[in-house]
Amino acid sequence: METFSVKAFGTEAPEADLQQMTIDRREVTAKDVEIDILFCGVCHSDLHTARNEWHGTVYPNVPGHEIVGRITKVGNGVTKFKVGDLAAVGCMVDSCRECEQCKHGNEQYCENGNVQTYNGHDIHLNKQTFGGYSERIVVDEDFVLHVPENLDLAATAPLLCAGVTTWSPLKHWNIGPGHKVGIVGIGGLGHMGVKLAKAMGAYVVVITTSPSKVADAKRLGADDVILSTDKEQMRANTNTLHFILDCVSAQHDVNAYLRLLKVDGTLALVGAPEHPLPIAAFSLIPARKNFAGSTIGSIKETQEMLDFCGEHAITADIELINIQDINTAYERLLKGDVKYRFVIDMTSLKG
Ligand SMILES: [Zn+2]
Ligand SMILES: [Zn+2]
């Protein structure tokens, strides 16, 4: 298969800093599009993978799965895109397309494992996939999204992971007017959860450990804020929420949050703490509560989310950085020192 070289930023080992390198991309095949990457969001998964914290990282590793750019080339069988179109790529670039989940449009739950945008298995080149910290990417059009023209492009990038990861469970559990929704944790995911749930018509309650986030939660659209460290506030809100989106990736006591749910309420995890979370049986049994999880979203859901964000003028709150600042950005990300997503201006790699 024909390939071409592009500049990228990646790492050769778990303890090594990210640095500039050269990687190969395949030349477009019939169904592929080539995208000139303009912006790429920085997701906590990038850091976990670069440092092999989830194990199984194949080096070199080039992270990045919140990609927006412009189409520079299309294969002769491409029907959905043309050269010059804005385009986006999220966390997946392919799936088996034959299993029950793929046939039902749930590629993210492909029974054979979807092909992740980075550190996945590239079936074309038979090696690891490389992500968006690079000049260009080549992707099958079925895994490429259209981007609304009215949104700020840099601030749109985080919608591709943080946006759809919160959108998909809110849609799956039919959140809308008349629902009281709790969002636990205001970071990259949580701040998108607040904006999306609010725009869907729900009454949004942010639950945070940090008094310093109260004002920001309201600015993002929260109707109410519960300080989880305040026992009186937690008690006063027992049995009040229909649904909770738990965006916290640190260890935490979910039983305290389950108490806030009404009968038949659901708490869905989208954050991923490293160790198991203990659940008391009586956190669930007396009110038939559900403890659930959700990951990213399908391609169809991702497009619906982008279109919805276009209609409602929703983007992420970002801090734009140059690729050369990525190692510092990772250190700040570890301290939660970003409101609320770093986005890389990819012209800094090309210059
Ligand atoms: Zn991500
Ligand atoms: Zn499949």
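Selection over segment 196-220 of residues that are surrounded by fewer than 16 Cβ atoms within 10 Å (Cβ to Cβ) and part of a helix (DSSP H, G or I) gives a count of 5.
Taking the listed residues R70, R97, the one that is open to solvent by 30 Å² or more (accessible area, probe 1.4 Å), charged (D, E, K, R) and not in a loop (DSSP other than H, G, I, E, B) is R70, with no other qualifying. Filtered by the rule that a residue be surrounded by fewer than 17 Cβ atoms within 10 Å (Cβ to Cβ) and touching a helix residue (DSSP H, G or I) at 6+ places or on another chain (Cβ under 8 Å), segment 100-111 gives G105, E111. Looking only at residues in segment 260-279 that are loosely packed, with under 12 Cβ neighbours inside 10 Å and in a loop (DSSP other than H, G, I, E, B), the one that is nearest to ligand 1 (Cβ to nearest atom) is E274. Under the condition of being within 17 Å of L241 (Cβ to Cβ) and without any contact (Cβ under 8 Å) to a residue 40 or more places away in the chain, which residue from segment 280-291 is farthest from the chain's Cα centre (by Cα)? Step by step, filter segment 280-291, then rank; the result is P286.
The rows are residues; the columns are (1) more than 20 Å from V144 (Cβ to Cβ); (2) surrounded by fewer than 21 Cβ atoms within 10 Å (Cβ to Cβ); (3) touching a residue at least 60 places away in the same chain (Cβ under 8 Å); (4) within 16 Å of ligand 2 (Cβ to nearest atom).
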position	(1), (2), (3), (4)
C43	no, no, yes, no
T49	yes, no, yes, no
T57	yes, yes, yes, no
M92	no, no, yes, yes
T117	no, no, no, no
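The values are calculated or read from the model by the stated rules, or taken from the named source; none is laboratory data. These numbers were taken from a predicted model, which means no experiment stands behind them. All Cβ positions, even for glycine, are placed from backbone atoms using ideal geometry, and neighbour counts span all protein chains on display. Side chains are part of the model used for accessible areas, which takes the heavy atoms of the whole protein and leaves out ligands, DNA and RNA. Shrake-Rupley method; radii C 1.70, N 1.55, O 1.52, S 1.80 Å.
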